[in-house]
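Enquirer: One structure coming up, written as structure tokens, with questions to follow.
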Amino acid sequence: MDMDTVEIRGFRIHRGFLDGPAQAALVEDLRDVATRAPMFSPMTPYGKPMRVKMTSAGKYGWMSDKSGYRYVTQHPDGVEWPAIPQRVLAVWQALVSCERTPDCCLVNYYGEGARMGMHQDRDEADFSWPVLSISLGDEGLFRIGNTTRGGKTESIWLQSGDVVVMGGDARLTYHGVDKIRFGSSTLLEKGGRINLTCRVVD
């Protein structure tokens, strides 16, 4: 249910795409994913722990450690990643494509004080496919930059149920999350924000 669409530097932001019941159902799906592939706090290649906790679903999961950033076929515990929930795939099919499904659904959890620095999503083989991002829970201040580091940026608060499609010129644009409004949503029992990003990897 796409109530409103905003475009900033090629980022298409579908406001309120998921209503309250759809958000709650998706959270339950993600609880099942996290039960089978528990959340963990990865290390950056520079030896610092990331401020978000994460897990993945699909053929691949995203990994960061001293070996660098990459996709892997197994959780650090050695289990295969769970399948991407059908409700997530339905959003992808509605806004991206019915011809191909994503290979990875990265699940990031932002607790109080968590953020994500400016970065590009460039560990995939084919940049012609967009990255789809779903926001659940507390509002996050999403910052959009340029295709190179530096320069002027624009920011927008993403709310629970918003879906962002990063394709075309926006596919390799730097972006990040500066902060969350902890407690601004009642969707998650203990507060915080969940962000899902679906990517075609191969």
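Enquirer: Name the residue, out of Gly20, Gly47, Gly78, that is modelled with pLDDT under 95 and out of contact with any strand residue (DSSP E or B) (no Cβ under 8 Å at 6 or more places or on another chain).
Expert: Step by step, each of Gly20, Gly47, Gly78 is checked, and only Gly47 is modelled with pLDDT under 95 and out of contact with any strand residue (DSSP E or B) (no Cβ under 8 Å at 6 or more places or on another chain).
Enquirer: Next up: Give me the pairs: first residue in the stretch 51-70 and on the phi > 0 side of the Ramachandran plot, second residue surrounded by fewer than 20 Cβ atoms within 10 Å (Cβ to Cβ) and of a type in the set (Val, Ile, Thr), beta-carbon distance under 9 Å, and six or more apart or on different chains, which are they?
Expert: Note: pairs meeting the criteria are Gly58/Thr101; Gly58/Val201.
Enquirer: Can you tell me which residues in the stretch 1-25 are out of contact with any Leu (no Cβ under 6 Å at 6 or more places or on another chain) and either closer than 14 Å to Tyr109 by Cα or polar (S, T, N, Q) (or both)?
Expert: The one that is out of contact with any Leu (no Cβ under 6 Å at 6 or more places or on another chain) and either closer than 14 Å to Tyr109 by Cα or polar (S, T, N, Q) (or both): Thr5.
Enquirer: Does the stretch 158-166 contain any residue that is at pLDDT 95 or above and of a type in the set (Gly, Ala, Ser)?
Expert: yes
Enquirer: Checking Gln93 against (1) touching a Ser or Thr at 6+ places or on another chain (Cβ under 6 Å); (2) surrounded by fewer than 20 Cβ atoms within 10 Å (Cβ to Cβ): exactly one of these is not met. Which one?
Expert: For Gln93, the failing item is (1).
Enquirer: Give just the number: which of (1) in contact with a helix residue (DSSP H, G or I) (Cβ under 6 Å, 6 or more places away or on another chain); (2) in a loop (DSSP other than H, G, I, E, B); (3) surrounded by 16 or more Cβ atoms within 10 Å (Cβ to Cβ) does Glu124 not satisfy?
Expert: Looking at each condition in turn, Glu124 falls short on (1).
Enquirer: Here is a further query. Criterion first (in contact with a strand residue (DSSP E or B) (Cβ under 7 Å, 6 or more places away or on another chain) and in a loop (DSSP other than H, G, I, E, B)) does Leu196 satisfy it?
Expert: Criteria not met by Leu196.
The values are calculated or read from the model by the stated rules, or taken from the named source; none is laboratory data. Model, not experiment: these values are computed from the prediction. Reconstructed Cβ throughout: ideal geometry from the backbone, glycine too, with neighbour counts over all protein chains shown.
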